[in-house]
Amino acid sequence: MREGASVLVALTVLCGCAVAELPEWIQRERIRGAYFHNNLGRDHLEALKANGCNTLLTKFAQLSIDLPPEAVERVKLYAQWSEELGLHFLPIVNLLGGSPERKYLATTKRRETDAKGRVYAKTPCPLDRGFWQAAYEKRGKLMASLSQDCAIDGFVLDPEMYGADHTIFGGGGCFCDECFREFYQAQGLQAPDVPAAERAQALKAAKLERKYREWQIDTVAQMAAESRKAIHAINPRLVLGVLLLDYDVWCMDGWRRGLGTAASPVIAFSEITYGSGYTKYVDDQVKLYGEQGGRIVFCPGLWLNKFLAQEVPGHLYEMAAHSAGYWLYTTYSLARPPEKLSAGYALPETQEAYWAAIKRANEELDRRAAAGPGYRSRLKVENAPAMERVQAAGVHKPLVEKLKPVPGAEPEPRDLKAPATQVRGSARYLIQAEAGERIRIRMKSVKLGNYQDEGAYALLARARKVVKSGELSLQRATEVALEPKQAGLYELLVLGRSNPFYAAIDARHAVLEVPAKGLHLLAKCTRMYFWVPAGVSSFEMKVSGTGAGETAKLTVYRPTGEVAGEADTEGGPKAELRLTAAPEEQSAVWSLVVEKGKEGIFEDATLHVDPKIPPYLSDRPGALLVPEE
């Protein structure tokens with residue numbers, strides 16, 4: 001164990017509202033964390049150290065509930081590297097994700113059941129003590145035992161359930177047979193014999209609805225407290241943390257109550273701040289947790305590819321100065337060759353620029369630590385203008401090829417309020433305008449979970465002249481209308497952060513471009529049309545998910561509407577289709593749909609198009625644009 005790692009000091013949460021005890025290094029340096037999977041080598045840890053980071057938040061997805069020896073050895077190796085480099089190490093495990101967890105579920109009957117009586121076959125009941133002890137407590141006790149001889153500072157839970165019916169337990173509570181029966185037993189009452197779909201109403205009629213919710217939260221808190229005590233019986237100084245712990249979900253409330261005490265607070269590693277960085281939300285959460293007795297300490301996260309490098313230093317510094325620190329999602333973006341990074345990990349600017357930005361923030365935190373509480377930094381939160389953010393994204397590269405409408409196509413109007421494909425990250429839409437045509441655009445950032453950040457857009461005319469630019473609101477749609485005097489190509493560039501966005505375009509001809517690294521979709525993809533050129537007798541389409549349990553199904557349709565092929569990512573991270581096009585199916589419009597696979601959930605998915613296929617999609621066949629031959 002690293003010398004001095006167990007020393008505890010009092011940490012004032014906010015203005016003396018409450019005092020919590022945390023390891024001395026957090027009080028002095030703050031958490032300067034890097035999140036990444038354990039497939040990166042020691043050289044990445046060396047780079048983190050050289051640029052001022054001090055904490056490894058390393059995901060060990062393979063450390064399943066059966067504790068495979070090779071995964072345990074991998075944890076030990078990272079602990080060794082951490083000690084050699086003077087870094088703090090907090091391994092992360094998934095609540096549910098691997099096949100051992102799913103096999104365990106198969107041995108039990110208890111499943112999460114919602115207020116409508118729907119039973120989620122792949123999701124455990126949040127009050128299932130057996131599952132909780134196997135999934136959380138067992139691995140927490142392992143980390144506590146390993147920390148006696150290895151440089152392990154803490155243990156962090158990722159509560160997203162990969163491979164379940166949904167990633168987070170439902171907000172309305174669980175109404176399974178066991179929960180319903182145990183609640184009434186706790187009240188000294190006989191549970192009424194009603195089907196699951198009628199239980200929420202039965203509780204409401206008996207005026208027990210509120211008490212039922214409180215009982216479930218209290219039970220989760222009790223389970224969490226029992227596990228905390230079991231873990232701390234082995235090592236009372238092991239720091240506990242949970243990702244997403246600031247989510248406003250009832251089970252999180254139970255975990256907040258049970259996993260933390262004023263003497264040993266749990267760290268809430270926030271993802272809500274991924275795309276917003278430092279805002280009033282950070283101060284509000286710190287104040288809230290302070291007023292609740294200091295059982296929870298707040299540590300906001302920042303998603304690197306949602307920010308320009310120039311924005312990073314100010315956000316990181318203020319996040320750490322106002323809380324327990326910061327953590328970066330994900331430094332994988334800095335460890336792999338840029339050309340090999342997918343859309344979700346690729347950075348708007350060079351990796352060198354981001355390393356420099358991180359180092360600048362950490363050097364300023366060093367100055368703050370040396371000077372004491374009265375230090376006033378010159379670093380300020382900087383949010384680049386919408387146009388500047390859009391310019392830095394990959395969507396702003398000049399269009400090389402000339403486009404034309406599909407020969408003989410009949411344009412059709414577009415209902416702007418009809419469903420539209422949702423994109424995450426950035427996108428370029430191309431509009432071939434005719435002189436005097438009235439074009440209408442409706443755009444919006446779509447709130448995902450508790451993320452607060454908003455998108456930005458820029459509409460460019462010929463010679464890339466900016467017609468209009470601005471922010472995309474979460475509260476209301478942004479509408480833009482134009483009637484060009486001359487025919488020409490317009491580009492609509494849209495950039496999101498953590499939240500997805502959509503753009504519905506009512507124009508005779510408009511397409512969404514598929515980037516070379518793929519189109520990052522989020523939860524919704526309407527039927528999209530594409531062009532198969534003459535001479536292309538075979539081509540490939542691919543869809544990939546971003547994590548276990550997040551699946552996607554790709555269906556491609558021939559010009560006749562007949563299904564040409566289907567591929568589901570259930571069996572792995574990606575699914576590919578190899579398709580053939582007969583002569584009469586070339587120089588023709590095909591279509592595709594990306595949707596939920598047979599198993600898992602449909603959230604993040606990336607669509608890849610064969611280079612032989614023009615990378616343009618349209619939500620109407622007559623609106624499609626194709627390259628001039």
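The values are calculated or read from the model by the stated rules, or taken from the named source; none is laboratory data. Keep in mind it's a predicted model, so treat the numbers as computed, not measured. Here the Cβ is made from the backbone with ideal geometry for all residues, glycine too, and neighbour counts use every protein chain on show. Only protein heavy atoms, including side chains, enter the accessible area calculation; ligands, DNA and RNA are left aside. Shrake-Rupley method; radii C 1.70, N 1.55, O 1.52, S 1.80 Å.
Among all positions in the stretch 344-362, there is at least one residue which is over 27 Å from ASP604 (Cβ atoms), of a type in the set (Asp, Glu) and either touching a Phe, Trp or Tyr at 6+ places or on another chain (Cβ under 6 Å) or assigned to a helix (DSSP H, G or I) (or both).
For the stretch 512-533, a tally of residues being within 23 Å of ILE439 (Cα to Cα) and touching a helix residue (DSSP H, G or I) at 6+ places or on another chain (Cβ under 7 Å) returns 1. Annotation: of all residues in the stretch 328-343 being outside any helix (DSSP H, G or I) and among the aliphatic types (A, V, I, L, M), the one that is modelled with the lowest pLDDT is ALA343. Among the numbered criteria (1) open to solvent by 20 Å² or more (accessible area, probe 1.4 Å); (2) among the hydrophobic types (A, V, I, L, M, F, W, C); (3) touching a His at 6+ places or on another chain (Cβ under 9 Å), which one does LEU334 miss? Status for LEU334: all satisfied but (1). Scan the stretch 258-270 for residues that are surrounded by 24 or more Cβ atoms within 10 Å (Cβ to Cβ) and not hydroxyl-bearing (Ser, Thr, Tyr) and jot them down. Result: LEU259, GLY260, PRO265, VAL266, ILE267, ALA268, PHE269. Close Cβ contacts (under 8 Å, 6 or more residues apart or on different chains) running from residues in the stretch 184-204 that are on the phi < 0 side of the Ramachandran plot to residues that are open to solvent by 50 Å² or more (accessible area, probe 1.4 Å) and not in a loop (DSSP other than H, G, I, E, B) comprise GLN187/LYS211; ALA191/ARG181; ALA191/GLN185; ALA196/VAL119; ALA196/ASP177; ALA200/GLU209; LEU203/GLU209. Out of all the residues in the stretch 449-462, is one or more under 23 Å from GLU603 (Cβ atoms), of a type in the set (Lys, Arg) and either in a loop (DSSP other than H, G, I, E, B) or in contact with a strand residue (DSSP E or B) (Cβ under 8 Å, 6 or more places away or on another chain) (or both)? Looking for residues that are under 23 Å from GLU603 (Cβ atoms), of a type in the set (Lys, Arg) and either in a loop (DSSP other than H, G, I, E, B) or in contact with a strand residue (DSSP E or B) (Cβ under 8 Å, 6 or more places away or on another chain) (or both), one finds none in the stretch 449-462, hence no. Among the residues of the stretch 506-523, the ones that are assigned to a strand (DSSP E or B), in contact with a Ser or Thr (Cβ under 9 Å, 6 or more places away or on another chain) and more than 30 Å from PRO300 (Cα to Cα) come to 3 in all. Scoring PHE169 on the criteria (1) of a type in the set (A, V, I, L, M, F, W, C); (2) part of a helix (DSSP H, G or I); (3) within 25 Å of the chain's Cα centre (by Cα) leaves a single failure, condition (2). Consider GLY277 carefully, then state whether it is on the phi > 0 side of the Ramachandran plot, buried (at least 23 other Cβ atoms within 10 Å of the Cβ) and not in a helix (DSSP H, G or I). When the stated conditions are applied, GLY277 passes them.
Determine, yes or no, whether VAL467 is surrounded by 14 or more Cβ atoms within 10 Å (Cβ to Cβ) and over 30 Å from ASP610 (Cα atoms). Taking the combined requirement at face value, the residue satisfies it.
Scan the stretch 233-242 for residues that are closer than 18 Å to ALA135 by Cβ and assigned to a strand (DSSP E or B) and the total you get is 3. Looking for something without any contact (Cβ under 8 Å) to a residue 60 or more places away in the chain, under 14 Å from GLU491 (Cα atoms) and either assigned to a loop (DSSP other than H, G, I, E, B) or open to solvent by less than 20 Å² (accessible area, probe 1.4 Å) (or both) - is there at least one such residue anywhere in the stretch 415-432? Within the stretch 415-432, not a single residue is without any contact (Cβ under 8 Å) to a residue 60 or more places away in the chain, under 14 Å from GLU491 (Cα atoms) and either assigned to a loop (DSSP other than H, G, I, E, B) or open to solvent by less than 20 Å² (accessible area, probe 1.4 Å) (or both).
Is it true that some residue in the stretch 319-327 is more than 22 Å from VAL494 (Cβ to Cβ), over 24 Å from the mean Cα position of the chain (by Cα), modelled with pLDDT of 95 or more and surrounded by 15 or more Cβ atoms within 10 Å (Cβ to Cβ)? Reasoning before the result, please.
Let us first name the residues in the stretch 319-327 that are more than 22 Å from VAL494 (Cβ to Cβ), namely 319-327.
Cutting the leftovers down to over 24 Å from the mean Cα position of the chain (by Cα) gives us 321.
Filter once more, so that each one left must be modelled with pLDDT of 95 or more: 321.
Imposing the further condition that a residue be surrounded by 15 or more Cβ atoms within 10 Å (Cβ to Cβ) reduces the set to 321.
There is at least one residue in the stretch 319-327 that is more than 22 Å from VAL494 (Cβ to Cβ), over 24 Å from the mean Cα position of the chain (by Cα), modelled with pLDDT of 95 or more and surrounded by 15 or more Cβ atoms within 10 Å (Cβ to Cβ).
For the stretch 207-232, a residue qualifies if it is without any contact (Cβ under 8 Å) to a residue 12 or more places away in the chain and either in a loop (DSSP other than H, G, I, E, B) or more than 19 Å from GLU178 (Cβ to Cβ) (or both), and the qualifying residues are LYS207, ARG210, LYS229. Summed over the stretch 166-195, the residues that are surrounded by fewer than 19 Cβ atoms within 10 Å (Cβ to Cβ) and either of a type in the set (Phe, Trp, Tyr) or in contact with a strand residue (DSSP E or B) (Cβ under 6 Å, 6 or more places away or on another chain) (or both) give a count of 2.
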